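The values are calculated or read from the model by the stated rules, or taken from the named source; none is laboratory data. Every value quoted in this text rests on a predicted model; they were computed, and no experiment measured them. Quick reminder, even Gly has a Cβ in these numbers, built from the backbone with ideal geometry, and neighbours come from all protein chains shown. Note: areas computed on protein heavy atoms with side chains; ligands, DNA, RNA excluded. Shrake-Rupley method; radii C 1.70, N 1.55, O 1.52, S 1.80 Å.
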Amino acid sequence: MGMLSLPGFLSCGKKKDVSFTYDGDTSCTDENLERGNWANKAEYLLSMVGYAVGLGNVWRFPYLAYQNGGGAFLIPYTVMLALAGLPLFFMECSIGQFASQGPISVWRMLPLFQGVGITMVILSTFVTIYYNVIISYALYYLFASFQKVLPWSDCFSWADELCSKTKIVNDCNTTYNGNIIHANYSFLTANNLSCINGTITYKPVQFPTEQYWNKVALQRSSGLDETGRVVWYLALCLLLAWIIVAGALYKGIKSSGKVVYFTALFPYVILFVLLVRGATLEGALDGIEYYIGRESNITKLMEAEVWKDAATQIFFSLSTAWGGLVALSSYNKFHNNCYSDAILVCVINCATSVFAGFAIFSILGHMAFVSQRPVSEVVDSGFELAFVAYPEALSQLPVSPLWSFMFFFMLVLLGLDSQFASIETITTSIHDINPSMMKKLRGPITVGVCAVLFLFGLVCVTQAGIYWVNLIDHFCAGWGLLITASLEIIGIAYIYGGKRFIEDIEMMIGKKTNSFWLWWKICWFFITPVLLIAVLIWSLTTFSNPTYGSVKYPAWGNILGWCMIIFSIIWIPIVAIVKILKAEGNLIERLVSCCRPAANWGPYLECHRGERYSHMVDPKNKENEIPTVSAIVYKRR
């Protein structure tokens with residue numbers, strides 16, 4: 001077995017002279033000097049797991065499972081994972097790795113759809129603004145846990161007369177001087193009277209945790225119209241969150257890849273500790289039974305709403321259609337087995353959701369036991385679950401500050417992992433537009449992006465901040481993503497070509513049998529797009545204007561929400577029109593040329609192009625986005 005040294009006609013490796021071993025085949029080191037690669041497989045997988053496993057795994061999945069039949073919900077959840085989540089996840093990982101490009105430049109494969117990539121990045125940008133605000137909430141509660149007595153454990157000086165952990169009698173019927181009268185509670189206590197059974201009405205009391213969340217943490221105003229002042233401690237927590245993100249991403253994946261060893265793995269340690277502690281508490285079994293035990297309702301599977309909830313949870317929890325999966329995978333080595341990676345990350349993500357449910361509901365079961373209420377009355381969704389129900393449960397544990405610190409530290413780490421990938425999506429897109437500038441100024445550009453997003457996020461830490469967070473989440477994290485996902489899978493499977501896409505994947509992971517691809521073809525060509533379109537139609541037909549609790553949004557707020565989503569998706573038709581206008585020929589010829597791969601589409605490194613892409617222009621060339629004659633020759637081959 002001999003060693004050969006050839007002149008550098010292969011754009012691959014660390015040197016212009018490439019050495020490789022000849023054993024009937026040729027190979028070369030797959031190092032991308034311009035973009036960089038993950039230091040090792042572990043850093044990539046942990047980054048992907050950290051991106052997919054986020055706050056929704058802790059507060060949204062357990063609630064959906066409880067609401068939709070408990071353990072029975074795992075059936076539609078698993079089905080939707082196989083039919084919708086995994087096929088789309090595998091597709092995005094494959095195209096990012098194949099082209100070594102981010103979510104915008106990767107659409108050289110189908111120039112007509114490049115606006116889909118722009119929409120992905122814009123939606124990710126909107127979400128990063130409010131997602132770090134949620135992390136700042138968790139940071140505030142984390143710092144507030146460094147007290148001997150948790151500040152939300154009882155009704156202290158900040159509370160009003162409706163704050164109580166127990167029911168407060170408002171009025172009732174009572175016997176006074178031989179007559180039955182209706183009296184308020186103060187009259188009853190003053191005259192040492194008792195209520196007649198069945199006539200008692202109670203005041204609408206609030207738990208201390210609820211009032212602390214609204215009055216202290218948020219200093220919440222009456223609505224979006226009342227902006228109020230910036231809540232200074234939330235602003236400082238937001239600044240800290242952005243400093244952490246900027247520091248972790250200052251050198252791109254070379255620095256974030258090291259950070260994820262801690263941020264992606266330690267939440268599992270905390271979840272395990274919380275599960276063990278929760279399982280030893282009185283009432284824990286009741287909570288688990290409500291979550292996934294004897295309370296499971298198999299008849300719920302007959303309701304369409306359950307399947308829709310399962311599909312949306314899978315779709316959003318795997319972080320597909322945000323562009324982050326494409327961005328992270330673009331730093332892989334070309335021959336990385338993206339197929340096994342996709343399956344592994346998806347399984348870990350879903351298993352984490354189920355595991356987190358056990359930890360959370362065991363504690364909520366104890367909360368129900370202590371307050372002598374059914375579990376259904378202590379379960380809520382979204383922010384109320386994370387910052388009202390959980391803190392209440394944690395305040396009832398022995399050494400409560402310790403458990404509170406661990407819980408909110410876990411939330412911070414889960415949020416940061418997802419935020420790392422979202423910012424990397426933005427910076428990767430900038431890199432693809434101007435690689436030379438990004439190579440020299442990656443750190444300052446990353447800091448600049450974080451600084452701008454911090455300034456945009458300041459409106460979310462005003463007294464009306466929670467309304468802004470809810471507004472952006474309601475419009476930008478909803479059906480806009482379903483549109484991009486539907487166009488993505490239809491464009492790749494039907495226009496770029498499912499067969500060609502499979503051949504691209506086989507260039508990376510090796511030739512596979514027809515039976516291996518049968519399932520993926522069925523999903524990509526039929527099942528997954530049908531499911532995505534069905535969920536999209538369902539979401540549009542059931543769409544309602546946002547509310548936060550009982551607070552309705554003003555008309556201008558709803559209009560602003562629509563403007564945000566329109567601004568995000570309008571780039572899809574705009575870019576398509578621009579591409580058609582720049583093409584040559586009549587309208588049909590222009591449309592056809594825009595539906596072919598651009599001249600510079602293909603593997604990033606020359607040594608990986610093979611015969612299939614030998615006629616294509618250097619992928620690093622930013623010109624000629626519409627195919628030239630050489631690309632059309634390739635098409636006919």
Rounded to the nearest 10 Å², the accessible area of Arg229 at probe 1.4 Å: 140 Å²
Sequence-distant residues sharing a close amide H with Arg596 (under 5 Å, placed H): none
Rounded percent of accessible protein surface that carbon and sulfur make up, region 192-235, 1.4 Å probe: 49 percent
Accessible area (Å², 1.4 Å probe, nearest 10) - Cys155: 50 Å²
Approximate spin-label separation Phe526-Leu265, in nm, with each point projected 7 Å along Cα-to-Cβ: 4.4 nm
Order of exposure, largest accessible area first, which applies to Ile533, Ile572, Ile95, Ile577 with probe 1.4 Å: Ile577, Ile533, Ile572, Ile95
Region 322-457, relative contact order in percent, only Cα pairs under 8 angstrom and at least six apart counted: 26 percent
Rounded accessible area of Thr78 (nearest 10 Å², 1.4 Å probe): 80 Å²
The chain: angle of helix 304-317 to the longest principal axis, Cα-based, in degrees nearest 10: 60 degrees
Nonlocal amide H pairs with Asn170, under 5 Å, H built at 1.01 Å: Thr201, Tyr202, Lys203
Alpha-carbon centroids, region 33-55 and region 448-488: separation in whole Å: 24 Å
Fraction of the pair-distance distribution of region 368-431 above 13 Å, Cα-Cα pairs, percent: 71 percent
3J(HN,Hα) from dihedral phi, region 215-224, Karplus parametrisation 6.51/-1.76/1.60, rounded to Hz, x for glycine, proline: 8, 9, 5, 8, 6, 4, 7, 7, x, 4
Residue-averaged 222 nm ellipticity for the chain, from DSSP H runs of 4+ at -39500 (n - 2.57), nearest 500: -18000 deg cm²/dmol
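Please compute the contact order of the chain in relative form: average sequence separation of alpha-carbon pairs under 8 Å and at least six residues apart, divided by the residue count, as a percent. All intermediate terms of the calculation are to be shown ahead of the outcome.
On the way: 1025 pairs, mean separation 179.0, N = 637.
Across the chain, relative contact order equals 28 percent.
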Prolate/oblate/rounded label for region 73-141 (Cα gyration tensor, a/c 1.5): oblate
Gln206 long-range amide H proximity, modeled H, under 5 Å: Cys163, Ser164
Rounded to 10°, Cα long-axis angle of helix 114-144 versus longest principal axis of the chain: 40 degrees
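What does the highest-first list of 314-320, 579-585 look like by mean Cβ count within 10 Å? Walk me through the numbers on the way to the answer.
Numbers: 314-320: 25.4, 579-585: 14.3.
In descending order of packing, they fall as 314-320, 579-585.
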Whole-Hz ³J(HN,Hα) from phi, Karplus 6.51 cos²θ - 1.76 cosθ + 1.60, for region 44-61, glycine and proline x: 5, 5, 5, 5, 5, 5, x, 5, 6, 8, x, 4, x, 5, 8, 10, 9, 4
Extension gain (nm, one decimal) between Val347 and Trp158, 0.36 nm per residue minus Cα-Cα: 63.6 nm
Rounded to 10°, Cα long-axis angle of helix 479-490 versus longest principal axis of the chain: 30 degrees
Where the chain is the region considered: accessible area per residue in Å², 1.4 Å probe: 41 Å²
Value of Rg to Rh for region 103-233 (Rh from inverse mean 1/r over Cα pairs, i.e. Kirkwood): 1.30
Which of Ser515, Ser593 is most accessible, then next, and so on - probe 1.4 Å: Ser515, Ser593
Only Lys, Arg (+1) and Asp, Glu (-1) charged, at Cβ; the chain dipole about Cα centre in debye: 1420 debye
Apportionment of accessible area to carbon and sulfur, region 543-585, percent (1.4 Å): 72 percent
Across Lys165/Lys203; Lys41/Lys258; Lys308/Lys552; Lys254/Lys440; Lys333/Lys512, pairs whose alpha-carbon gap is larger than 22 Å: Lys308/Lys552
Estimated vicinal HN-Hα couplings, Hz - region 266-271 in sequence order (Karplus 6.51, -1.76, 1.60; Gly, Pro = x): 5, x, 5, 5, 5, 4
Phe355 paired with Lys439, simple spin-label distance in nm, labels 7 Å along Cα-to-beta-carbon: 4.0 nm
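Quick check: at a probe of 1.4 Å, how many percent of the accessible area of region 278-425 sits on carbon and sulfur atoms?
63 percent
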Stokes-Einstein D in µm²/s, Kirkwood radius over Cα pairs - the chain at 10 °C with 1.306 mPa s viscosity: 60 µm²/s
